[in-house]
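Structure, as structure tokens:
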Amino acid sequence: MSEKELLEKIRDVLREEIKAIREEASVKESYREEEINLLDLFLVLLKQKRLIIAITLTTAIITAIVSFIIPPVYMAETTILPRQIGSSATMEILEQFRSFEAQKTLPNLYVGLIKSKKVLDRIIDRFNLVEVYKVKSRTDVREILSNNVQTKVDQKSGLITISVYDRDPKRAADMANAFVEELKNLTRGLALTEASQRGLFFEEQLKEAKLALIKAEEEMKAFQEKIGALKVEEETRAVIERIANLKAEIAAKEVELKVMRTYLTPNNPDLQKAEESLRAMKLELAKLEPLMYTEKTPEIARDYLRKLVDFRFNEAFYELLLKHYQAARLDEARDAVVIQVTDKAIPPEKKAKPKRALMITIATLTAFMFSIFIAFIMEYINNMRRDPEGRERLEKKFKINI
């Protein structure tokens, strides 16, 4: 290696050493500045410690005094379980007239009813809440009561918890239990109204079906008296019975669809399933009707078979409508919906509000952070005062003499 190359290599090594030394010095300087900045911050806090302590303690004391002045509020809870009951035959019929989605959201429906205007007004009147809340407007009383009532639904079990807040623990418990009573009264009325409407609907249908049955029976008797009784083979009679029953089921399904379309959308799966069932029955009827008689069957026999089918159809249709009508009247005679109370509300022993410890803790921490912010602002202003240029900027900015 030549002397020139050796010198060049030595210079490179020296440059690297000098660069490393400078970087190390820069890092140390950065650490020193950070230490100085942290020390300055600590000194500012130490300097303004009286202000920080004064603001923090004053806020804590005032919050404690206020928390003791605020009247205590108690919370009473009751838990209910809404469920539907009924005999297996009744429920089988009623199932055709209730959507599956509505049954799944039954607890949420009750939550809405709890805060309905009708229920709230009944509670207001029962406990004279206009005087209790000292509010003249009934709308304002209703709003206050609604805010004092909280509901929670357990989606797994369907249990509904009703929580009522009031300054009187006994009144809080009584109001919680009263909400359950008024909810029962309201749902009972709604259930009976719905059952009455269905009962009236089927009653009208039943009257028409009865008149049609009487007419078909009279026509059948008149025809038999005119031509005498015709012998019908067992196979043909079975086909006739099946055709008559199918026609009755189709007519009943059409009535059912008419009712379902009043409260379901076209895309509802229950409605679509019923429409598909109707189409399947109509297809089966279309296959059976040609089997009733052949081309060789005399015209008089055809007339007899048609009248026999008509009579059997009206008979079966009347029986189906009668079954629906009796189910509606059965629901009207008793409660269709039962609200079971799992936990009755009792007067609470401990207050729910105010939570003094939490209030004081939050207020104290907030005041402490705010006092630190004020301390730094004051220190900044003091520094600006000592600096002529800074003082001039402050005076221009805020238009004050400092």
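The values are calculated or read from the model by the stated rules, or taken from the named source; none is laboratory data. Source: prediction; values computed, not measured. When we count neighbours, we look across all protein chains shown, and the Cβ atoms used for this are built from the backbone with ideal geometry, even at glycine. Please note that ligands, DNA and RNA were not included when accessible areas were found on the heavy atoms of the full protein model with its side chains. Shrake-Rupley method; radii C 1.70, N 1.55, O 1.52, S 1.80 Å.
Assorted remarks:
- Probe 1.4 Å, protein heavy atoms only - accessible area per residue of region 113-176 in square angstrom: 56
- Gain in span if fully extended, I381 to T58, counting 0.36 nm per residue against the direct Cα distance: 113.9 nm
- For the peptides 66-74, 360-368, 167-175, the ranking by mean Cβ contacts within 10 Å, running from highest to lowest, is 167-175, 360-368, 66-74.
- The simple spin-label model puts a point 7 Å past each Cα toward its Cβ; for E217 and D125 those points are separated by 4.9 nm.
- Label positions at L365 and L41, each projected 7 Å from the Cα along the C-beta direction, are separated by 1.9 nm.
- Over region 123-272, relative contact order from alpha-carbon pairs under 8 Å, at least 6 apart, %: 10
- Rounded to 0.05, the FRET efficiency of the I65 and R188 pair, given R0 = 56 Å and the Cβ-Cβ distance, is 0.65.
- Mean-position separation - Cα centroids, region 146-181 and region 250-294, in angstrom: 46
- Averaged over residues, the count of other Cβ atoms within 10 Å places the peptides 238-246, 341-349, 150-158 in the sequence 238-246, 341-349, 150-158, highest first.
- Of K118/K184; K215/K287; K226/K307; K231/K287; K253/K323; K207/K258, those spanning more than 21 Å from alpha-carbon to alpha-carbon: K215/K287; K231/K287
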